[in-house]
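Q: Just dropping this structure here.
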Amino acid sequence: MTTSLGHQLLEIIFPTPHICPFCGSKQPSLQVCPCCKEMLSIMREDYGHCQRCQTFGVNSAICNSCRHWPTFLKGNYSVAPYNHTIKEAIIRFKYHQAPWLAKGFALEMAPLITEEYDLILPVPLHWRRLLERGYNQSALLAQELSGLTNIPWKDHVLKRHIYTAPQTNLSRQQRINNLQD
């Protein structure tokens, strides 16, 4: 990410915490601590994953979840299984005014992104949700990933027209229904 005078000023007034985004332990910078890195590595190995969608807990070339994906979707990547620790960190990032966590998450995600990509597009928020939250966590993450991978990102390419209920506490089927149309 390019450093601007405005960004430098914000960093002076509201410095990014030097902690691990997952456990909150003090670190030399915003980074995943060695214990959490080890935990992530063990989880990735122990859980196994689908070769196409990267869903954890599945050891196959294709799982039931992605069997019905459109053919134009090549794959999906995940840093770790969505368990208690990861889920708490993501919820803190999205709903508890912790936009600075984008950098910590991007540092873990960047190694998964290959050079075959031309553009990073964030998932848009409906304008009402953006007003409620104050920021689009997906756009912040896209911006950080762009800076780490040198793949350009563009905001406002996609637009969300329908205001939907938050997906957080919905079942799989409710999530699918929530995203119809």
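The values are calculated or read from the model by the stated rules, or taken from the named source; none is laboratory data. Keep in mind the model is a prediction, meaning the values are calculated, not measured. Glycine gets a Cβ as well: all are built from the backbone with ideal geometry, and neighbour counts include every protein chain shown. For accessibility, only protein heavy atoms count, side chains too; no ligands or nucleic acids. Shrake-Rupley method; radii C 1.70, N 1.55, O 1.52, S 1.80 Å.
Q: Of everything in segment 80-95 that's of a type in the set (Phe, Trp, Tyr) and in a helix (DSSP H, G or I), which residue is farthest from the chain's Cα centre (by Cα)? Lay out the reasoning, then the answer.
A: We begin by selecting, within segment 80-95, every residue of a type in the set (Phe, Trp, Tyr); these are 82, 93, 95.
Retained after the next criterion (residues that are in a helix (DSSP H, G or I)): 93, 95.
Values: PHE93: 9, TYR95: 13 Å.
Checked segment 80-95; the qualifying residue farthest from the chain's Cα centre (by Cα) is TYR95.
Q: Something else about it: May I ask you to list the residues in segment 66-79 that are within 11 Å of the chain's Cα centre (by Cα) and open to solvent by less than 60 Å² (accessible area, probe 1.4 Å)?
A: Answer for segment 66-79, where residues must be within 11 Å of the chain's Cα centre (by Cα) and open to solvent by less than 60 Å² (accessible area, probe 1.4 Å): SER78, VAL79.
Q: I need every pair where a residue in segment 97-125 that is of a type outside the set (Lys, Arg) has its Cβ under 9 Å from the Cβ of a residue that is in a strand (DSSP E or B) and at pLDDT 90 or above, sequence separation at least 6 or different chains.
A: If the second residue must be in a strand (DSSP E or B) and at pLDDT 90 or above, the pairs left are ILE113/ILE120; LEU119/TRP153; ILE120/TRP153; LEU121/TRP153; PRO122/TRP153.
Q: Working only within segment 20-38, note down all residues that are closer than 15 Å to GLU88 by Cα and not small (Gly, Ala, Ser). Let's see the steps before the verdict.
A: Pass one, segment 20-38, residues closer than 15 Å to GLU88 by Cα: 20-25, 32, 36.
CYS20, PRO21, PHE22, CYS23, VAL32, CYS36 - these are the residues of segment 20-38 that are closer than 15 Å to GLU88 by Cα and not small (Gly, Ala, Ser).
Q: Next question, about the same structure. Is it the case that PRO122 is modelled with pLDDT of 80 or more and surrounded by fewer than 19 Cβ atoms within 10 Å (Cβ to Cβ)?
A: Values: modelled with pLDDT of 80 or more: yes; surrounded by fewer than 19 Cβ atoms within 10 Å (Cβ to Cβ): no.
When the stated conditions are applied, PRO122 does not pass them.
Q: Can you tell me how many residues within segment 148-175 are surrounded by 10 or more Cβ atoms within 10 Å (Cβ to Cβ) and either modelled with pLDDT under 80 or not polar (S, T, N, Q) (or both)?
A: Number satisfying all stated conditions: 16.
Q: Just wondering, is there one or more residues in segment 96-113 that are buried (at least 17 other Cβ atoms within 10 Å of the Cβ), modelled with pLDDT under 80 and not in a loop (DSSP other than H, G, I, E, B)?
A: No - not one qualifying residue is present in segment 96-113.
Q: Please work out which one of (1) part of a loop (DSSP other than H, G, I, E, B); (2) open to solvent by less than 40 Å² (accessible area, probe 1.4 Å); (3) closer than 23 Å to PRO99 by Cβ is the condition PRO15 fails and give its number.
A: Evaluating PRO15 over (1) part of a loop (DSSP other than H, G, I, E, B); (2) open to solvent by less than 40 Å² (accessible area, probe 1.4 Å); (3) closer than 23 Å to PRO99 by Cβ leaves (2) as the failure.
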